1. Taking only pairs six or more apart or across chains, which ones have beta-carbon atoms under 7 Å, a first residue in segment 62-80 that is under 19 Å from His127 (Cα atoms) and modelled with pLDDT under 95, and a second residue that is part of a helix (DSSP H, G or I) and open to solvent by less than 10 Å² (accessible area, probe 1.4 Å)?
2. Would you pick out the residues in segment 385-439 that are in contact (Cβ under 8 Å) with a residue 12 or more places away in the chain and under 30 Å from Ile143 (Cα atoms)?
3. Quick one: in segment 385-439, which of the residues that are charged (D, E, K, R) and open to solvent by less than 70 Å² (accessible area, probe 1.4 Å) is modelled with the lowest pLDDT?
4. Only one of these conditions is not met by Ile95: (1) part of a helix (DSSP H, G or I); (2) buried (at least 24 other Cβ atoms within 10 Å of the Cβ); (3) among the hydrophobic types (A, V, I, L, M, F, W, C). Which number is it?
5. So which of Ala274, Ala287 ends up being without any contact (Cβ under 8 Å) to a residue 12 or more places away in the chain and either of a type in the set (A, V, I, L, M) or farther than 27 Å from Asp60 by Cα (or both)?
6. Condition first: of a type outside the set (A, V, I, L, M) and open to solvent by 10 Å² or more (accessible area, probe 1.4 Å). Now tell me which residues in segment 132-146 satisfy that.
7. Only one of these conditions is not met by Gly173: (1) small (Gly, Ala, Ser); (2) touching a Leu at 6+ places or on another chain (Cβ under 7 Å); (3) on the phi < 0 side of the Ramachandran plot. Which number is it?
8. Please go through segment 328-370 and give me each residue that is aliphatic (A, V, I, L, M) and farther than 28 Å from Tyr17 by Cβ, ordered by number.
Amino acid sequence: MTKVTALPADDKQCAWYHLSNKRQAKPSHRGNSTARWAIVGAGYTGLAAARQLALNFPNDEVILIEAQEVGFGTAGRNAGFAIDLPHDIGAEDYIGDIEIAKSTLKLNLLGQSILRNIVEENGIDCHMRASGKYQAAVENKGIAVLDAYQRGLDKLGQPYEVISGQDLPEHIGTSFYKRGLFTPGTILLQPSALVKGLADSLPSNVTLYENTPITEVEYGEKVVLKHQDGQITADKLILANNAFGQRFGFLKHTMLPVFLYASMTRPLTEEEQAQLGGKSFWGVIPADPYGSTVRRTHDNRILIRNSFSFNPNGRPKQHCLDKFVHRHNRSFERRFPMLPKVDFEYTWSGSLALSQNHKGFFGQLAPNVYGALCCNGLGITRGTVTGTLLADWIAGQKNDLIDFLLDTSGPNKLPPEPFLSIGVNATLWWGQRQAGLES
């Protein structure tokens with residue numbers, strides 16, 4: 001018997017969740033149930049795996065279990081970038097090995113395509129737009145990153161546009177940045193609305209249980225998932241719960257639950273929109289990984305996302321929320337001095353499952369247990385495509401992308417505590433300090 005010693009419990013003020021259409025959560029599980037398939041985690045990976053398993057095995061029931069409410073947890077808390085391009089931050093040109101980069105691009109494009117098709121077929125209102133993204137820099141070291149990434153995109157043969165600082169206000173309103181690199185392939189969306197829509201359009205042979213945290217697991221010829229009100233017995237289990245997969249006994253000491261913090265303003269008035277200028281819908285990611293992600297949303301709000309904390313138990317820290325909202329205010333004031341009276345309406349955190357070698361896991365974890373875990377901050381596209389392909393592989397399908405994922409070495413082992421926390425916290429502190437004006 002494996003006891004699950006930590007459960008997700010996110011803070012309550014995620015703007016995406018509260019601003020998306022309200023839905024009736026599915027009931028929590030009670031009593032004893034059996035099914036051929038059980039999936040833990042109803043984020044992008046779990047929803048994709050459930051959908052594809054149901055299509056591959058139309059006569060089987062698939063049980064999908066979510067510890068919280070769909071759209072409230074990690075999957076609904078990111079910045080809403082469904083990114084196409086590979087981005088190897090350990091490589092000099094941010095592309096790295098060209099064959100790996102091509103396969104990664106192919107994976108990401110397939111993830112985008114899967115999502116687009118589901119959204120269109122089911123009329124999911126998640127403000128999905130093929131808007132591209134801006135990568136912007138204000139300091140010389142950030143500009144050097146853009147130069148390097150430009151060389152990598154040339155190597156990969158991908159389109160981009162270099163935008164000078166004086167021309168950036170026509171795009172994003174602010175004159176804060178010195179240079180921008182625009183790539184057209186990113187899709188921007190409302191993440192919580194997307195996740196809610198994906199959950200409410202699952203095939204009829206998927207049964208979703210929300211607010212059902214699993215507390216114990218028994219592995220063997222059958223997998224028994226226990227919770228406070230009952231248990232679920234399945235022939236096969238798929239873990240799609242990222243860093244919490246470690247709590248189920250697998251990939252221990254390989255994934256880092258790192259939390260990122262975001263704030264979103266009230267809607268801009270028409271006068272404020274005129275003062276800002278630029279396009280009505282856009283997203284900026286920083287040249288420095290510790291810098292600020294910025295978005296102008298469909299309803300004319302501004303999102304600022306920066307600041308990190310390492311939370312080994314996978315749960316948020318209130319004092320970090322209180323601390324980092326001040327950093328968000330400073331970042332906003334630097335970029336948007338023309339909007340002095342615009343306040344934040346929401347502040348929240350969201351977790352990332354990161355590995356030291358920037359690799360995830362895909363495949364079989366144990367007899368009757370499979371997983372697609374550790375998205376390394378690319379949950380929307382990567383979670384969608386790995387969940388889909390895992391279900392295809394389990395059904396006996398083969399292709400080059402499945403082979404690529406199976407050949408990936410997976411996340412490597414991390415140092416033991418207390419050295420891990422000391423090292424991660426020092427790295428986060430130094431990175432944020434060095435980010436300078438990019439933050």
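1. Correct list of pairs: empty, since none qualify.
2. Val424, Asn425, Leu428, Gly431, Gln432, Gln434, Ala435, Gly436, Leu437, Glu438, Ser439
3. The initial filter retains those residues of segment 385-439 that are charged (D, E, K, R), namely 392, 398, 400, 403, 407, 413, 417, 433, 438.
Next, only the ones that are open to solvent by less than 70 Å² (accessible area, probe 1.4 Å) stay: 392, 438.
Working: Asp392: 98, Glu438: 90.
Looking at residues that are charged (D, E, K, R) and open to solvent by less than 70 Å² (accessible area, probe 1.4 Å), I get Glu438.
4. All conditions pass for Ile95, except number (1).
5. Matching residue, one of Ala274, Ala287: Ala274.
6. Keep residues of segment 132-146 that are of a type outside the set (A, V, I, L, M), which gives 132-135, 139-142.
Of everything in segment 132-146, those that are of a type outside the set (A, V, I, L, M) and open to solvent by 10 Å² or more (accessible area, probe 1.4 Å) turn out to be Glu139, Asn140, Lys141.
7. Result: Gly173 fails condition (3) only.
8. Within segment 328-370, the first condition is being aliphatic (A, V, I, L, M), and the residues that meet it are 338-339, 342, 352-354, 365-366, 369.
The answer is Met338, Leu365, Ala366, Val369.
The values are calculated or read from the model by the stated rules, or taken from the named source; none is laboratory data. Since the model is a prediction, treat every value here as computed from it, not as a measurement. Neighbour counts are summed over all protein chains in view; Cβ atoms, including those assigned to glycine, are modelled from backbone coordinates with ideal geometry. These area figures cover heavy atoms from the full protein model, side chains too; ligands, DNA and RNA do not enter into them. Shrake-Rupley method; radii C 1.70, N 1.55, O 1.52, S 1.80 Å.
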